[in-house]
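Enquirer: Dumping the structure here so I can ask a few things about it.
The values are calculated or read from the model by the stated rules, or taken from the named source; none is laboratory data. It should be emphasised that the depicted structure is a prediction, and the values quoted were computed from it without experimental measurement. Heads up, the Cβs are rebuilt from the backbone with ideal geometry, glycines too, and the neighbour counts pull from every protein chain shown. Quick note on the areas: whole protein, heavy atoms, side chains included, nothing else; ligands and nucleic acids left out. Shrake-Rupley method; radii C 1.70, N 1.55, O 1.52, S 1.80 Å.
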Amino acid sequence: MYFSWERHLPTASGSELYTQDKVFTFNTVEIKVEPSFKVRNGAPMSIICHADISKSADFQLKYNFTIFKDRRLVFMTVSDTGDARYEVPVAKSSDTGDYQCTVKADKKTGSSDPVHVWVTGMTKPTLTADKRDVLEGEVVKLRCELPEEEPPLQFCFRKIKTNSTPRETCVPEPYTNFSVLEVSVEEGDNILQFDCFGRRNVKLEWEDSAHSNKTLVTVREPFIKPTLTTVPSSNVTEGDQIQFECSTVVVRMHDIEIILQKNKSILNSVQDKKLLRYSTVATLEDSGEYLCKVEQGGASKTTKLNVVVSELFPKPTLVASMTKLDKNKELILNCSINGFQKANFSIIRKNANGDIPLKNSQTLKMRVNVNDTGSYTCKAEVKGIVKESKPVRINVYAPVSKPTLSVAGGLPEVVLGKPLQLICHSVMGTPPKTFRFYKGDDVEKIVINDTYATFLDENIRLNDQRGYRCDARNNHSSGVKTSDILNVTVVVPVRDASLGSVPYGEVEDGSEIAFLCSVKEGSLPILFRFFKKTDNEVLLFEKIEHRDRAMWHKETMKRQDTGTYYCVASNRANVDVRSQPITISVILAAWKKGVVAALVLITIAGAGALALWWFLRKKKKAKGPSMEMSGSALAANLTSEKLARQPNDGDYYSGSGYIEDSENHMKSTDENKGPDLESAEVEYTEVEVSTLDPHRAPVQKGTETVYSEIRKANNDSMENRHSRISGHPDAT
């Protein structure tokens, strides 16, 4: 791109010459940094923008320089030369960034590539604390500030304790150059020191400032560590009264709280008091570690004490005569304590809504029912201490009923190629029950369930005669119950439907036709449906047959019956099999063709006679009586020609045979008709008529010839017809 001034000079011919002056273009615009692209914090820095320009002549330009840092304007100037300087007397870390220069001269603009400048090092932060003397649990508020730096920044605070590693906490500050942190003073924090430092990210690298001044904070205890004791202090036995005492010394009584815990469970607590007491009757479960905690504000101190309670007597044991027994059998439950006889016993049945006491005795005898299934325990009491045995599970079983085996779909049949799902169901009996499925004498599957089980047989064969059965049993002593044998019928889907007709292809108007639909295989009965192919697929006839074919007789065919026909066969497999379509054409009957031909000949003869009469009359008027004989000869000649050409007026049937398109036709070569009747010539054409075989028409299937014959029921009204069903192997 370039810019120029154009000057117009006249020529000898009166036209103007254009000359170009003061053309210039920007070659490059670049930025330089002094002393370097990496400047130490506090050192001077210069950003120099230089524009390299090419001119067509020596002329003066005004340059507008603009310098950006991170796409924000930081410097602008106008110069007569191609250089501009942006001076930074004291570089700060905030001067770090990407610098870019833009130069404008007249209407042209040039820009440099961005250059990254890194001012290394950060100023030292300052740290202040709102308190210098605090109690344990109070909060100290710290403020760390970098007044000469620009966000985003990160401030890191350090808590320094004597003879321990400093604890560091960092806080990001995306919008300010300072940060405030609240620090809780914990138990054991006597003399604390705090400092901080700043951090920033430059080109994915962290740069840290120097550490700030150290701030000292003195910590005092608000209360002493509590004391926890028990009375008696030792030899505690189940049933003894035990008392816990927890005490402390506080500076201020306000908001003081004492808490007694065992296994994180709070046993007792007091507020605004220096002493806590807690009493209970000792049990074996009271053995363990106790915790006394004193809290005030954010301060907390704890003391732990381990207590051991000796056992007065062991837990009782419940013994059952049987844990699995039949309905109406006798059950004996006995509760005892090993090495200890003097106790109060009770036998209990566990229940979700609460325990059910059965008998306050050491032994219980009962005749059980199915409803007595459940968990039982016993309790023993000595000196007010109650202990409970482990539960014993009692299962009472009713015998299973004879199972029933059925097909999931309802009917005992399955489609060949589809899986068979069986259900074995036993109504009575206590679960769980074990079901076994048999196919013949082979065990196919074992299922454990409450009331029923299912079996999926995916190996269905056509000639598989093995029956199905199942049995069921549970833990009752009566044993196994077996179902009746289930015989399943295998339904073979219909396959390869075909359609034929007699006659095939063409049928005379008013005649009858028979359609035969058959299948290659399929379980009986079979539903056959006959359709004519139209926009709505019209159903013409349907019939259920207990054989592999069905026939439909249509006694009278009309011209509108011309069309495409097909049949659909199906059985209980619910698979519709459609035959290939056949086309039937209804043609004009032979006697109707004769009538039409006779009418045409009569019409032509009448027209010819009228024309001859008109011609002779006109000629007689013109030439007189001498022309009459000539006209009569011409008329006779024309009449002979008409009679000779009568058979060419249309196709017809010979006898009762069919007229084949390629054979039974007549040809006419009369192509010289014209208006000049006197010059007309008469031509004669031989007609060759072929006679069909009046007996049978063969149909080929592979190498085999199949003859089909359909005889009409009424032999008085019509002769026997012989025809063929094209492509149909099953016609009879």
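Residues are listed down the side, and each one gets a yes or a no for (1) open to solvent by less than 60 Å² (accessible area, probe 1.4 Å); (2) modelled with pLDDT of 90 or more:
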{"position": "Cys292", "(1), (2)": "yes, yes"}
{"position": "Gly297", "(1), (2)": "no, no"}
{"position": "Lys304", "(1), (2)": "no, yes"}
{"position": "Ser310", "(1), (2)": "yes, no"}
{"position": "Val319", "(1), (2)": "no, yes"}
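Enquirer: To continue, here is another question. State the number of residues belonging to the range 391-408 that are aliphatic (A, V, I, L, M) and within 26 Å of Ile332 (Cβ to Cβ).
Expert: So the count comes out to 4.
Enquirer: On to the next question. In the same structural domain as Val414 (by the TED database) and at negative phi: which single residue out of Lys558, Lys481 fits that description? Give the derivation first.
Expert: On the way: Lys558 fails: in the same structural domain as Val414 (by the TED database).
Among Lys558, Lys481, only Lys481 is in the same structural domain as Val414 (by the TED database) and at negative phi.
Enquirer: Also, quick follow-up: Say we look at the range 410-433 and pick out the residues that are touching an Asp or Glu at 6+ places or on another chain (Cβ under 9 Å) and in a strand (DSSP E or B); which of these is nearest to Gly522 (Cα to Cα)?
Expert: Val414
Enquirer: Okay, moving on. Among (1) open to solvent by 60 Å² or more (accessible area, probe 1.4 Å); (2) in contact with a helix residue (DSSP H, G or I) (Cβ under 9 Å, 6 or more places away or on another chain); (3) not β-branched (Val, Ile, Thr), there is one condition Gly121 misses while meeting the rest; what is its number?
Expert: Condition (1) is where Gly121 drops out.
Enquirer: Any idea which residue in the range 139-161 is least open to solvent (accessible area, probe 1.4 Å), counting only those that are part of a strand (DSSP E or B) and farther than 26 Å from Thr218 by Cα?
Expert: Within the range 139-161, the subset part of a strand (DSSP E or B) is 139-145, 153-161.
Filter again for farther than 26 Å from Thr218 by Cα, leaving 153-154.
On the way: Leu153: 12, Gln154: 37 Å².
Checked the range 139-161; the qualifying residue least open to solvent (accessible area, probe 1.4 Å) is Leu153.
Enquirer: Then there is this: Consider only pairs whose beta carbons are under 8 Å apart and that are at least six residues apart or on different chains; among these, list those whose first residue lies in the range 272-283 and is in contact (Cβ under 8 Å) with a residue 60 or more places away in the chain and whose second residue is loosely packed, with under 13 Cβ neighbours inside 10 Å.
Expert: These pairs meet every condition: Val281/Gln241; Val281/Gly384.
Enquirer: Residues to consider are Ser94, Ser112, Ser79; find the one that is within 30 Å of Ser209 (Cα to Cα) and hydroxyl-bearing (Ser, Thr, Tyr).
Expert: Values: Ser112 fails: within 30 Å of Ser209 (Cα to Cα); Ser79 fails: within 30 Å of Ser209 (Cα to Cα).
It is Ser94.
Enquirer: So which of Arg473, Arg559 ends up being in contact with a strand residue (DSSP E or B) (Cβ under 7 Å, 6 or more places away or on another chain), among the basic types (Lys, Arg) and more than 30 Å from Gly440 (Cα to Cα)? Step through it out loud before you land on a result.
Expert: Values: Arg473 fails: more than 30 Å from Gly440 (Cα to Cα).
The conditions single out Arg559.
Enquirer: Return yes or no: is Asp509 at negative phi, surrounded by 14 or more Cβ atoms within 10 Å (Cβ to Cβ) and touching a helix residue (DSSP H, G or I) at 6+ places or on another chain (Cβ under 8 Å)?
Expert: Working: at negative phi: yes; surrounded by 14 or more Cβ atoms within 10 Å (Cβ to Cβ): yes; touching a helix residue (DSSP H, G or I) at 6+ places or on another chain (Cβ under 8 Å): yes.
When the stated conditions are applied, Asp509 passes them.
Enquirer: Give me the residue from the range 76-102 that is in a strand (DSSP E or B), of a type in the set (A, V, I, L, M, F, W, C) and open to solvent by 50 Å² or more (accessible area, probe 1.4 Å) and, out of that set, farthest from Lys38 (Cα to Cα).
Expert: Looking only at the range 76-102, we keep the residues that are in a strand (DSSP E or B), and these are 76-79, 83-88, 97-102.
Of the ones still in play, those that are also of a type in the set (A, V, I, L, M, F, W, C) are 76, 78, 84, 88, 101.
Keeping just the survivors that are open to solvent by 50 Å² or more (accessible area, probe 1.4 Å) gives 76, 78.
Values: Met76: 23, Val78: 28 Å.
Per the stated criteria, the residue is Val78.
Enquirer: So for the range 108-118 (the condition being β-branched (Val, Ile, Thr), part of a strand (DSSP E or B) and open to solvent by 60 Å² or more (accessible area, probe 1.4 Å)), does at least one residue qualify?
Expert: From the range 108-118, those β-branched (Val, Ile, Thr) are 109, 115, 117; that's our starting set.
Okay, now just the ones that are also part of a strand (DSSP E or B), so 109, 115, 117.
Okay, now just the ones that are also open to solvent by 60 Å² or more (accessible area, probe 1.4 Å), so 109.
Scanning the range 108-118 turns up at least one residue that is β-branched (Val, Ile, Thr), part of a strand (DSSP E or B) and open to solvent by 60 Å² or more (accessible area, probe 1.4 Å).
Enquirer: Are any residues in the range 172-200 more than 21 Å from Ala210 (Cα to Cα) and buried (at least 17 other Cβ atoms within 10 Å of the Cβ), and if so, which ones?
Expert: Hits for the range 172-200 are Val183, Val185, Asp189.
Enquirer: Condition first: hydrophobic (A, V, I, L, M, F, W, C) and either open to solvent by less than 40 Å² (accessible area, probe 1.4 Å) or under 16 Å from Val308 (Cα atoms) (or both). Now tell me which residues in the range 256-290 satisfy that. Lay out the reasoning, then the answer.
Expert: Here is the first cut: in the range 256-290, the ones hydrophobic (A, V, I, L, M, F, W, C) are 256, 258-260, 266-267, 270, 275-276, 281-282, 284.
Ile256, Ile258, Ile259, Leu260, Val270, Leu276, Val281, Ala282, Leu284 - these are the residues of the range 256-290 that are hydrophobic (A, V, I, L, M, F, W, C) and either open to solvent by less than 40 Å² (accessible area, probe 1.4 Å) or under 16 Å from Val308 (Cα atoms) (or both).
Enquirer: Which of (1) at pLDDT 90 or above; (2) under 30 Å from Asp189 (Cα atoms) is the odd one out, the single condition Gln243 does not satisfy?
Expert: The number of the failed condition is (2).
Enquirer: Yes or no: the range 426-437 includes at least one residue that is open to solvent by less than 80 Å² (accessible area, probe 1.4 Å), more than 30 Å from Arg495 (Cβ to Cβ) and within 35 Å of the chain's Cα centre (by Cα).
Expert: Taking the range 426-437 as the starting set, the residues that turn out to be open to solvent by less than 80 Å² (accessible area, probe 1.4 Å) are 426, 429-437.
Checking which are more than 30 Å from Arg495 (Cβ to Cβ) leaves us with 426, 429-437.
This time we only want the ones that are within 35 Å of the chain's Cα centre (by Cα), so: none.
No, that holds for no residue.
Enquirer: For the range 312-409, give me every one of the strands (runs of 3 or more DSSP E) that falls completely inside it and has 3 or more residues that are farther than 20 Å from Pro431 by Cβ.
Expert: 317-320, 330-336, 344-349, 356-359, 363-367, 374-382, 385-388
Enquirer: Based on what the data block shows, is Leu318 under 56 Å from the mean Cα position of the chain (by Cα), in contact (Cβ under 8 Å) with a residue 40 or more places away in the chain and at negative phi? Reasoning before the result, please.
Expert: Working: under 56 Å from the mean Cα position of the chain (by Cα): yes; in contact (Cβ under 8 Å) with a residue 40 or more places away in the chain: yes; at negative phi: yes.
Judged against the criteria, Leu318 is a match.
Enquirer: In the range 447-471, which residues are farther than 20 Å from Thr482 by Cα and surrounded by 15 or more Cβ atoms within 10 Å (Cβ to Cβ)?
Expert: Scanning the range 447-471 gives a single hit, Ile460.
Enquirer: What number goes with the only condition from (1) surrounded by 13 or more Cβ atoms within 10 Å (Cβ to Cβ); (2) farther than 30 Å from Val281 by Cβ; (3) in contact with a Leu (Cβ under 8 Å, 6 or more places away or on another chain) that Pro419 does not pass?
Expert: Going through (1) surrounded by 13 or more Cβ atoms within 10 Å (Cβ to Cβ); (2) farther than 30 Å from Val281 by Cβ; (3) in contact with a Leu (Cβ under 8 Å, 6 or more places away or on another chain) one by one, Pro419 breaks only (1).
Enquirer: Kindly indicate which of Glu381, Glu444 is within 30 Å of Thr237 (Cβ to Cβ), open to solvent by 50 Å² or more (accessible area, probe 1.4 Å) and out of contact with any Pro (no Cβ under 7 Å at 6 or more places or on another chain).
Expert: Values: Glu444 fails: within 30 Å of Thr237 (Cβ to Cβ).
After ruling out the rest, the residue left standing is Glu381.
Enquirer: Same structure, new question: In contact with a Ser or Thr (Cβ under 8 Å, 6 or more places away or on another chain) and not polar (S, T, N, Q), is that true of Val23?
Expert: Criteria met by Val23.
Enquirer: Can you tell me which residue among Val251, Val309, Val319 is under 18 Å from Val185 (Cβ atoms) and out of contact with any His (no Cβ under 9 Å at 6 or more places or on another chain)?
Expert: Details: Val309 fails: under 18 Å from Val185 (Cβ atoms); Val319 fails: under 18 Å from Val185 (Cβ atoms).
Result: Val251 is the single residue among Val251, Val309, Val319 that is under 18 Å from Val185 (Cβ atoms) and out of contact with any His (no Cβ under 9 Å at 6 or more places or on another chain).
Enquirer: If a residue has to be open to solvent by 30 Å² or more (accessible area, probe 1.4 Å), closer than 24 Å to Tyr504 by Cα and under 56 Å from the mean Cα position of the chain (by Cα) to count, how many in the range 560-618 make the cut?
Expert: 8
Enquirer: Looking for something free of Cβ contacts under 8 Å to residues at least 12 places away in the same chain, open to solvent by less than 80 Å² (accessible area, probe 1.4 Å) and over 26 Å from Ile259 (Cβ atoms) - is there at least one such residue anywhere in the range 162-171?
Expert: Kept after step one, since they are free of Cβ contacts under 8 Å to residues at least 12 places away in the same chain, are these residues of the range 162-171: 163-167.
If we keep only those that are open to solvent by less than 80 Å² (accessible area, probe 1.4 Å) too, we end up with 164, 166.
Of the ones still in play, those that are also over 26 Å from Ile259 (Cβ atoms) are 164, 166.
Within the range 162-171, one or more residues are free of Cβ contacts under 8 Å to residues at least 12 places away in the same chain, open to solvent by less than 80 Å² (accessible area, probe 1.4 Å) and over 26 Å from Ile259 (Cβ atoms).
Enquirer: Still on this model: From Lys69, Lys131, grab the single residue that is basic (Lys, Arg) and more than 60 Å from the chain's Cα centre (by Cα).
Expert: Details: Lys69 fails: more than 60 Å from the chain's Cα centre (by Cα).
One residue alone meets the criteria, Lys131.
Enquirer: Still on this structure: Quick one: which strands (runs of 3 or more DSSP E) sit completely within the range 466-514 and have at least 3 residues that are more than 16 Å from Ile423 (Cβ to Cβ)? Talk me through it step by step, then tell me what you get.
Expert: Working: elements: 468-473, 489-491, 495-502, 506-508.
In the range 466-514, 489-491, 495-502, 506-508 are the strands (runs of 3 or more DSSP E) which contain 3 or more residues that are more than 16 Å from Ile423 (Cβ to Cβ).
Enquirer: Still on this structure: Can you tell me how many residues within the range 386-413 are open to solvent by less than 10 Å² (accessible area, probe 1.4 Å) and over 30 Å from Val319 (Cα atoms)?
Expert: Matching residues across the range 386-413 total 1.
Enquirer: Search the range 538-559 for residues being within 14 Å of Gly522 (Cα to Cα) and in a loop (DSSP other than H, G, I, E, B), and hand back the single one that is least open to solvent (accessible area, probe 1.4 Å). Working first, answer last.
Expert: Step one: list which residues in the range 538-559 are within 14 Å of Gly522 (Cα to Cα), which gives 544-550.
Next cut, in a loop (DSSP other than H, G, I, E, B) only: 546-548.
On the way: His546: 136, Arg547: 118, Asp548: 57 Å².
Looking at residues that are within 14 Å of Gly522 (Cα to Cα) and in a loop (DSSP other than H, G, I, E, B), I get Asp548.
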